[in-house]
Amino acid sequence: MDQKYLIVSTVAALVAVMGSPVSADPYTFTFDPPPSLANGSTALQTEAYMEGIYMGGVSPFNDITVWASDKDTKIITNAAPLGSDQWLQADNSGGPMTDAFKISFNNVPIISVTFDWAVLLNDFVAEADGTRFFLDPEPEGHGNESRFGSTSYTFASPVEELYFHNGGAGWVGIDNLVVATVPIPAAVLLGMLGMTAAGLKLRKFV
């Protein structure tokens, strides 16, 4: 595709997505089908699903990385206690003790987050850029039972990485993840796009 056409079409897409000089609209990830997710979807498939929603699916602003502690992190369906719809779960059976996954918003950071959570055994912990912002500790004498809840948090400054884990055996899961981006002036977005185009042009001649 011609680079000039790519730039013009991307700018047009941004105007359509943003709809105003700045954007701070929330993006919701239910982890449900359609179009792309199914029961058993992997972390990479989840990543592609999220990139189709974040920033209106406009590249490179929608770049997301989903990291899983092992192969058992996946989309699952009809699993209590988060309900009968699909949600994201880490369950490292036969692997590392800590069940965990990370979601990184690589080019456009977020300023707030809301999600449903569930855990089997141990604490449920949520971190942002390496700092814990939510903890549900395992009650003393708690048996082999699951716990669940919902939480919302607004960060003091933009963050790029969300990290969910339980610090031990069992599993950990989230659903209905909602994030809000930092308001970004349209001029800054166009500047980012220009740098991306310049990088493409530079790579062409290197």
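Computed quantities for the displayed model
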{"read-out": "Test: residue in the range 93-100 that is under 22 Å from Phe31 (Cβ atoms), modelled with pLDDT of 95 or more and among the β-branched types (Val, Ile, Thr)", "value": "no"}
{"read-out": "Residue check, Phe133 over 15 Å from the mean Cα position of the chain (by Cα), at pLDDT 95 or above and among the hydrophobic types (A, V, I, L, M, F, W, C)", "value": "yes"}
{"read-out": "Candidate set from the range 47-65 (those that are of a type in the set (Val, Ile, Thr) and in contact with a Phe, Trp or Tyr (Cβ under 7 Å, 6 or more places away or on another chain)); member that is modelled with the highest pLDDT", "value": "Ile64"}
{"read-out": "Filtered residue count, the range 130-167, keeping only those that are in contact with an Asp or Glu (Cβ under 8 Å, 6 or more places away or on another chain), exposed (fewer than 15 other Cβ atoms within 10 Å of the Cβ) and in a loop (DSSP other than H, G, I, E, B)", "value": "2"}
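The values are calculated or read from the model by the stated rules, or taken from the named source; none is laboratory data. A quick note: this is a predicted structure, and the numbers were derived from the prediction, not measured. Neighbour counts are summed over all protein chains in view; Cβ atoms, including those assigned to glycine, are modelled from backbone coordinates with ideal geometry.
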